[in-house]
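Remarks on the structure that follows.
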Amino acid sequence: MALAALFLLLQYQLWFSQGGIVSVHKLHYAINNQQQANAKLVLRNDTLAAEVSDLKKGNDAIAERARDDLGMVKQGETFYQIVPQQGQVHS
């Protein structure tokens, strides 16, 4: 009887204690989620670093940003704006 109680106590600690199997699985899940989030942030950082490098090195990237973000037109270029007809839905 005492051995059975000891066995159950040890099983409980194995499965449900702070360092038990359930806790370890939760930690593995949390680590996996954090690694995925970190990988996304690394890609974002790499993209931003490349953009900063382009902006520091050349005027082409600056001109592209001016066109896209500010709607600027370079001298000698022709700007065309397409206006949808009334009632036409633009998506």
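Scan region 53-73 for residues that are at pLDDT 80 or above and not in a helix (DSSP H, G or I) and jot them down.
The answer is 72, 73.
Determine if region 4-12 includes at least one residue that is at pLDDT below 85, assigned to a helix (DSSP H, G or I) and polar (S, T, N, Q).
yes
The values are calculated or read from the model by the stated rules, or taken from the named source; none is laboratory data. These numbers were taken from a predicted model, which means no experiment stands behind them.
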